[in-house]
Amino acid sequence: MSIALRYAARSDVGLVRSNNQDSGYAGSHLLVVADGMGGHAGGDVASSVAIGRLAQLDSETPASDIVATLEESVLEANQEILRRARDEPQLRGLGTTITALLRAEGKFALAHIGDSRAYLLRTEETTQITKDHTFVQRLLDE
């Protein structure tokens, strides 16, 4: 079975903020969106760090290692973000969401942190495949 991926991206700073804290990456093996936490110092830095770390995965990865490889990269991005917050006081409180899809040998792994959603579009049907990591979502789940 052949799987075709089609993707598009659009980002808008909106009416409230003066800078865009979104970052994204689209490659042959990897799709990632990172939405820096608006209103927090360094949201743009956090999203850029996350994309920079995860973009290194855009190469052939053995399918047997795909989940562990993606998880390790997300954890490494988190460690780098924490280091930046510790070493650069003006960035304290920085953060980002991450939603990443890694493809290897016809298999896929999805990583998701925060409220940047992933959807599956199939035969004119759209299905949300992630749950927001938010207080509101927690209330809805109760």
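Overall, the ratio between the Cα radius of gyration of the chain and 2.2 N^0.38 Å, rounded to two decimals, is 1.10. Between the Cα long axis of helix 43-54 and the first principal axis of the chain there is an angle of about 30°, rounded to the nearest 10. Working note: Karplus 6.51/-1.76/1.60 with θ = phi - 60° gives the stretch 122-132 the couplings 9, 6, 6, 10, 10, 10, 6, 10, 10, 10, 4 Hz, where Gly and Pro are set to x. The length gained by stretching the chain between GLU105 and ARG92 to full extension, at 0.36 nm per residue less their Cα-Cα distance, is 0.7 nm.
Note the angle between two axes, namely the Cα long axis of helix 66-87 and the longest principal axis of the Cα atoms of the chain, as a number of degrees from 0 to 90, rounded to the nearest 10. With rounding to tens, the tilt is 10 degrees.
Name the residue farthest towards the positive end of the dipole of the stretch 101-142 from the options LEU110, THR127, LEU139, assuming +1 on Cβ of Lys and Arg, -1 on Cβ of Asp and Glu, about the Cα centre. In the stretch 101-142, that residue is LEU110.
In percent, how large is the relative contact order of the chain, given Cα pairs closer than 8 Å and 6 or more residues apart? For the chain, the relative contact order is 21 percent.
Note on ALA118 and ASP12: the extension gain reaches 36.3 nm, defined as 0.36 nm multiplied by sequence separation minus the Cα-Cα distance. Between HIS133 and ALA26, full extension at 0.36 nm per residue minus the direct alpha carbon distance yields a gain of 36.2 nm. Projecting the Cα atoms of VAL74, ASN20, LEU30 onto the dipole axis of the chain, where Lys and Arg carry +1 and Asp and Glu carry -1 at the beta carbon, places ASN20 farthest toward the positive end.
Values in this text are rule-based calculations from the coordinates and carry no lab data. Quantities reported herein were computed from a predicted structural model and do not represent experimental measurements. No Cβ is skipped: glycine too gets one built from the backbone with ideal geometry, and neighbour counts run over all protein chains shown.
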